[in-house]
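The values are calculated or read from the model by the stated rules, or taken from the named source; none is laboratory data. Keep in mind that this is a model prediction, so the values were computed, not measured. Glycine gets a Cβ as well: all are built from the backbone with ideal geometry, and neighbour counts include every protein chain shown. With ligands, DNA and RNA removed, areas are computed over all heavy atoms of the protein, side chains included. Shrake-Rupley method; radii C 1.70, N 1.55, O 1.52, S 1.80 Å.
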Amino acid sequence: MAPDIEVDSLDVWYGQARALKEVTLHLGPGKVLALIGPSGCGKSTFLRVLNRMIDRAPQVRVKGAVRVGAFEVLAGDVDVTALRRTVGMVFQQPNPFPMTIFDNVAYGPRIAGLRQMAKLRQTVEDSLKKAALWDEVRGKLRRSAMSLSGGQQQRLCIARALAVNPQVLLLDEPTASLDPVSTAKIEELIVQFKTHYTMVIVTHNLQQAARVSDAVAFFEHGRLVEMGPTHDIFTAPRERRTEEFLTGRV
Amino acid sequence: MRADRIAALVMKGALALFIAVWVMVAVIVGAGAWRFVSANGLVGPLVSSRWSPLAAHYGILAFVVGSMAVTGLALVLAAPGVLALSVTGARILRGAPQRAFIQILTLFVAVPSVVYGWWGLSVAVPLIRRLTGTAGFGPLSAGIVLAVMIVPTFSIMALQTLRQVPSSLVEGSLGLGASEDQTLWHVILPASRAGLSQGFLVAVGRALGETIAVQMVIGGQSRVLSLLKPGATLTTQLLTDLALMPARTPGHDALDFMALWLMILMAVLVWLQSRVRGMSRG
Amino acid sequence: MSSRRQFLHAMGVAGSGVLLGRWPAWAGGPEARYITIMGATSCISYVKAVLPEWERTHHGVKVAVTGGGSYAGLHALALAQADIAMADLAPPGSMAVPVRRYLLGRLPIVLAAWPHIGVDRLSWGQAGALLAGDIVNWRQVGGADVPVVTVSRPESSGAREVVQQRVLGTRRFSPDSIIQLSNGAVLRTVMETPGAVGYLEATAPMHRVRILSMGSRSFSPHAWRLWPLYAEPSLYVRVQAPKEVRNLAVFLQGRPKRQDFGIYFEQRPGQADAR
Ligand SMILES: Nc1ncnc2c1ncn2[C@@H]1O[C@H](COP(=O)(O)OP(=O)(O)OP(=O)(O)O)[C@@H](O)[C@H]1O
Ligand SMILES: [Mg+2]
């Protein structure tokens with residue numbers, strides 16, 4: 001069911017500054033792509049194009065073609081709401097809404113029009129189970145989401161994204177603000193999710209990229225320098241710049 | 001070192017003055033109100049609307065009800081405007097237009113209340129007159145004037161609160177397929193609740209305490225609530241009768257009693273607000 | 001520790017200062033002398049207009065003029081908070097302090113109405129019935145078919161007192177009257193509200209309202225002596241007041257300029273340029 005992603009000659013400008021230059025890549029269905037590269041190279045920008053969150057930036061211009069499954073992402077007539085429900089997003093800082101745990105997870109379905117309490121409950125429980133949070137919050141669903149720890153909050157955000165039945169997950173440095181134990185739990189989830197969801201994850205942690213991804217894309221100055229199977233990139237990169245980055249000689 | 005000590009001294013002095021003034025106000029109002037209550041009872045004046053201080057009839061019911069009605073009306077009328085202006089200023093405009101918008105709103109906060117009263121005489125009263133066929137003076141006109149008056153203050157406070165909602169929350173909502181409107185209603189406004197209720201209190205305080213602008217259009221009679229006939233509030237009657245009953249005259253204590261009730265109304269609101277906040281935290 | 005003591009000290013000083021209201025006394029020093037004039041707003045413009053002339057010949061005396069209304073002025077006089085009271089009313093019987101009155105003249109009070117009521121003249125009985133709310137439509141007094149809206153001033157107003165005694169007698173003002181605090185506000189309300197009727201101190205220009213004749217009399221500034229409805233604005237001074245204060249009251253009583261402010265008086269030969 002998971003869709004593939006195809007990007008062709010993607011250019012992004014913020015005003016006069018060009019953030020992505022002619023990025024072209026293809027990601028197969030159910031695969032995990034890790035985006036790596038120095039700070040400011042355009043990783044988040046790339047991610048935010050995929051669910052059109054990029055639209056929020058003032059004076060932004062996007063050119064090229066992006067397809068996620070059946071969605072022509074950059075087409076003028078694309079249903080952005082449907083796209084965003086299909087393409088879920090998890091951010092660097094856990095960003096639960098200031099409401100109860102239940103309401104956080106139920107937010108997406110409710111927005112989409114689901115009103116039946118029984119169905120909502122079922123959806124919330126399923127999503128929390130998928131995000132491996134159920135055991136920790138069962139019976140406390142009426143508590144504020146703010147009472148959870150950082151790691152729990154991040155898994156809550158994952159559960160919240162899962163509750164609208166996405167097929168793609170975008171994760172922008174999802175463990176950057178978490179401790180090692182919480183990080184391990186999230187990595188475990190990503191590995192479990194493989195084949196069910198197509199995933200793109202931005203990370204500064206190269207070991208993490210090696211552990212969870214099927215493919216790695218290395219960006220620099222807005223260009224896609226190199227993309228290949230994870231094993232190949234880490235053991236035998238084709239580009240000198242990639243090798244320098246991986247060995248810390250940036 | 002020296003400058004520090006001077007600054008500290010100035011601050012302490014200011015604080016001391018502030019406290020002293022407040023203590024003085026409380027003592028004067030409290031003492032007058034106490035004398036009034038010992039002479040006239042606590043409940044009697046509250047359930048009577050017969051106000052004829054020279055004949056020793058001190059029923060303030062009409063003024064208490066008038067204050068609450070005019071304030072409530074103003075809030076209801078102001079709410080849509082506040083929402084529209086604060087959302088426009090916080091979430092739609094950006095950059096230079098946004099700064100200009102906020103500056104203009106701030107300018108309106110500084111407009112003195114007589115000017116709003118004047119506006120009321122020129123616009124609100126004739127409007128009500130045309131719509132209802134009455135003389136146009138009454139609590140309804142006063143409510144409109146107050147609404148116009150509190151919109152800038154309330155909007156600015158709401159706007160600043162809405163602006164502070166982190167964009168991560170907004171993107172979290174948009175990322176789940178919510179529209180901008182859904183995000184506004186279900187995330188931005190709830191997340192701003194504390195700041196909004198603060199702005200609400202300030203608005204209520206301004207409305208409840210406003211005197212001259214209300215006096216100019218309310219008509220000035222002790223009547224328990226007819227929106228279209230002359231009425232009065234605690235503050236307008238205080239203003240009207242201060243000339244009739246200057247300090248150390250027999251009726252003057254009644255004015256302190258009215259001032260006390262103004263403070264009580266405000267205290268009830270503050271308390272209600274803290275309850276609401278407590279609930280939202282739980 | 002010492003800073004806390006300083007703090008308490010500052011608080012004590014500030015507190016007692018505010019409580020006793022002694023700031024002006026400190027600020028002035030022993031040399032400056034103050035005279036406070038307080039009361040009816042109808043006299044303020046006139047008093048302020050001629051004061052500089054008096055102050056020029058009385059160096060070191062500072063005169064402050066404030067409103068507050070006739071009642072407030074008289075009370076302040078009794079409590080020695082003011083040196084001169086301006087009042088359109090006689091001092092209430094309860095006033096214990098012996099005072100001296102300096103009559104300024106007559107302040108005519110006229111009935112004014114919305115221009116299109118179709119009536120020019122009222123009998124005294126009709127005027128009373130209108131203000132009391134017994135006549136509810138101008139048709140009832142031969143005018144247009146317009147509902148009557150009465151406009152009045154608060155109980156502290158001298159003009160209201162005059163109208164109460166001379167026009168209404170034992171009847172009360174209509175409880176539906178619109179109360180406005182100042183003469184100007186009454187003027188504007190009468191001018192703009194269809195069917196409105198109220199009373200004005202005849203000081204300001206009164207075009208765009210209809211000035212009603214009473215019985216057989218019509219108001220005209222030139223024939224003010226014949227107009228039957230008026231207040232008698234006066235200055236009141238405590239009998240034991242210092243010479244300077246009495247001197248100021250006499251000065252204010254003697255300036256002919258007050259006619260420009262609507263206060264009319266008999267000009268006897270020789271008085272016009274009295275000092
Ligand atoms: N909203 C924006 N407006 C203007 N410029 C922006 C905006 N967002 C990003 N940029 C610029 O675009 C370039 C790419 O930014 P992006 O956030 O995609 O980098 P990144 O690879 O995610 O960096 P990091 O690793 O630090 O998160 C940077 O130079 C950045 O300054
Ligand atoms: Mg980034």
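Here the stretch A:35-87 is the region considered, the condition is being within 16 Å of ligand 2 (Cβ to nearest atom) and hydroxyl-bearing (Ser, Thr, Tyr), and the residue that is most open to solvent (accessible area, probe 1.4 Å) is A:39.
Filtering the stretch C:157-197 to residues that are within 11 Å of chain B (Cβ to nearest Cβ) and basic (Lys, Arg) leaves C:160, C:172, C:188. Look at the stretch A:184-207: where a residue is within 14 Å of another protein chain (Cβ to nearest Cβ) and over 19 Å from residue A:87 (Cβ atoms), no partner that is within 16 Å of ligand 2 (Cβ to nearest atom) and open to solvent by 20 Å² or more (accessible area, probe 1.4 Å) sits 6+ places away or on another chain with Cβ atoms under 6 Å. Got at least one residue in the stretch B:210-218 being of a type in the set (A, V, I, L, M, F, W, C) and open to solvent by 10 Å² or more (accessible area, probe 1.4 Å)? Yes, the conditions are met somewhere in the stretch B:210-218.
Of all the numbered requirements in (1) of a type in the set (Gly, Ala, Ser); (2) touching a strand residue (DSSP E or B) at 6+ places or on another chain (Cβ under 9 Å); (3) within 16 Å of ligand 2 (Cβ to nearest atom), residue A:28 misses one, and that requirement is (3). Among (1) away from every other protein chain (no Cβ under 11 Å); (2) over 21 Å from the mean Cα position of the chain (by Cα), which single condition is residue C:205 missing? Here residue C:205 clears every test but (2). Residues that are under 15 Å from residue B:41 (Cα atoms) and open to solvent by less than 10 Å² (accessible area, probe 1.4 Å) were ranked within the stretch B:241-267; the one that is farthest from the other protein chains (Cβ to nearest Cβ) is B:257. Note on the stretch A:2-51: among residues that are touching an Asp or Glu at 6+ places or on another chain (Cβ under 8 Å) and among the small types (Gly, Ala, Ser), the one that is farthest from ligand 1 (Cβ to nearest atom) is A:28. Within the stretch C:135-156, the residues that satisfy the criterion of being surrounded by fewer than 20 Cβ atoms within 10 Å (Cβ to Cβ), at negative phi and away from chain B (no Cβ under 12 Å) are C:136, C:137, C:139, C:140, C:141, C:143, C:144, C:145. Taking the numbered list (1) at pLDDT below 90; (2) away from ligand 2 (no atom under 16 Å from the Cβ); (3) hydrophobic (A, V, I, L, M, F, W, C) in turn, residue A:176 passes all entries but (2). Kindly indicate whether residue C:213 is more than 14 Å from chain B (Cβ to nearest Cβ), surrounded by fewer than 19 Cβ atoms within 10 Å (Cβ to Cβ) and of a type in the set (S, T, N, Q). Yes: the conditions hold for residue C:213. When the stretch B:224-238 is filtered for residues that are more than 7 Å from chain C (Cβ to nearest Cβ) and either open to solvent by 50 Å² or more (accessible area, probe 1.4 Å) or assigned to a loop (DSSP other than H, G, I, E, B) (or both), the ones remaining, listed by number, are B:224, B:225, B:226, B:227, B:228, B:232, B:233.
Counting only helices (runs of 4 or more DSSP H) that fall entirely inside the stretch B:89-201 and contain at least 1 residues that are within 11 Å of chain A (Cβ to nearest Cβ) and crowded, with 19+ Cβ neighbours inside 10 Å, the qualifying elements are B:167-174, B:180-183. Considering only residues that are open to solvent by less than 40 Å² (accessible area, probe 1.4 Å) and touching an Asp or Glu at 6+ places or on another chain (Cβ under 6 Å), which ones fall in the stretch B:1-52? Of everything in the stretch B:1-52, those that are open to solvent by less than 40 Å² (accessible area, probe 1.4 Å) and touching an Asp or Glu at 6+ places or on another chain (Cβ under 6 Å) turn out to be B:29, B:32, B:33, B:36.
Tallying residues that are open to solvent by 30 Å² or more (accessible area, probe 1.4 Å) and more than 16 Å from ligand 1 (Cβ to nearest atom) within the stretch A:88-118 yields 11. Of all residues in the stretch C:50-88, those satisfying the criterion of being surrounded by 21 or more Cβ atoms within 10 Å (Cβ to Cβ), within 14 Å of chain B (Cβ to nearest Cβ) and over 18 Å from residue B:252 (Cα atoms) are C:82, C:85, C:86, C:87, C:88. Residues in the stretch B:27-71 that are farther than 27 Å from residue C:71 by Cα and either touching a Phe, Trp or Tyr at 6+ places or on another chain (Cβ under 7 Å) or without any contact (Cβ under 8 Å) to a residue 24 or more places away in the chain (or both): 4 in all. The number of residues in the stretch A:209-229 being crowded, with 19+ Cβ neighbours inside 10 Å and away from ligand 1 (no atom under 14 Å from the Cβ) comes to 6. Could you look through the stretch C:157-182, keep only residues that are in contact with a Lys or Arg (Cβ under 9 Å, 6 or more places away or on another chain) and surrounded by fewer than 18 Cβ atoms within 10 Å (Cβ to Cβ), and pick out the one that is modelled with the lowest pLDDT? Per the stated criteria, the residue is C:182.
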